[in-house]
Amino acid sequence: MAAMAGVTNPAGEAGPPSVTGPANAAGRPVRVLIVDDDALVRAGLSMILGGLPDLTVVGEAADGGEVPAAVAAYAPDVVLMDIRMPRVDGLTATEALRAQPHPPEVLVLTTFDADEQVLRALRAGAAGFLLKDTPPAEIVRAVRRVAAGEATLSPTVTRTLIAHVTAAAPGPVGPDPRRERALRLLTGLSERERQVAVALGRGHTNAEIAGELFMSVATVKAYVSRLLTRLELNNRVQVALLVHDAGLV
């Protein structure tokens, strides 16, 4: 493995930095690891995030192969992960990271909106994606939302992703393992859970689902949480993709 590029705390010292400032739900500032092969991108993100009292950049890495050691060393809450890197790409790193017990959340960094690589990262459990030209204030909001356990994709983006999958998917030839798996998982849901899942697959907001199904928004949120637990998924976008895989939208 190549030596980690800049996986040090802001003071340039090895090991986790001391943190101060307003605490998040874990009782401390949100810890962020930046993974990108472009040193200028890493520096820019560090400047955006590093001066805020509720966020702290605990380290940087220049390749996906450096992620396991960096995560072990600094226990980040959120990893900003570039997709395209020369040795181990961000997709491979995300899949490996999300397969571990109690992994940090992953926000994918990309120059392309809704391409196949983004979809693969979301299927692997990334909490969302950011375009590299996203305004700084939106990057900060996205990191905070992901740290709080929320996906960073709006219903509009969800609909765009589903449309992209539909347009790109070839016609079925023989048995489709992904469709069979999706149908098997969704068959175990109650009728109400299935209705909520299909609504998520259509990219509807909690308020829209509440109106359609004559439920309160709080009840919709409870159903979404239940779906994530029962289906062993990380966020509502994964539910939407599963519903699409099953051919229900």
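Given just the C-alpha atoms of segment 84-148, how large is their convex hull per residue in cubic angstrom?
So the per-residue Cα hull volume is 84 Å³.
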Provide the per-residue ³J(HN,Hα) series for segment 188-193, in order, calculated from phi with Karplus coefficients 6.51, -1.76, 1.60 and θ = phi - 60°, each as a whole number of Hz, with x at glycine and proline positions.
x, 8, 6, 4, 5, 4
Taking placed amide H atoms and a strict 5 Å upper bound, the residues 5 or more places from Val30 or on another chain that come that close are Asn24, Leu55, Thr56
Which of the three applies to segment 192-249, rounded, prolate or oblate, going by the alpha-carbon gyration tensor with a ≥ b ≥ c and a/c under 1.5 meaning rounded?
oblate
With θ taken as phi - 60° and the coefficients 6.51, -1.76 and 1.60, list the Karplus ³J(HN,Hα) couplings across segment 68-73 in order, rounded to whole Hz; mark glycine and proline as x.
x, 5, 5, 5, 5, 6
How big is the gap, in Å, between the Cα center of segment 203-249 and the Cα center of segment 40-72?
32 Å
Peptide ranges 201-209, 177-185, 234-242 listed from the most packed, as the mean C-beta count within 10 angstrom indicates:
234-242, 201-209, 177-185
Rank Met85, Met47 by accessible area, highest first, at a 1.4 Å probe radius?
Met47, Met85
Long-range amide H partners of Val106 with built H, under 5 Å
Val79, Ala127
At a 1.4 Å probe, what is the % contribution of carbon and sulfur to the accessible area of segment 89-150?
52 percent
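The values are calculated or read from the model by the stated rules, or taken from the named source; none is laboratory data. Because the structure is a prediction, the values reported are computed rather than measured. Neighbour counts run over all protein chains shown; Cβ positions are idealised from the backbone, glycine included. Calculation scope for accessible area: heavy atoms of the full protein, side chains included, ligands and nucleic acids excluded. Shrake-Rupley method; radii C 1.70, N 1.55, O 1.52, S 1.80 Å.
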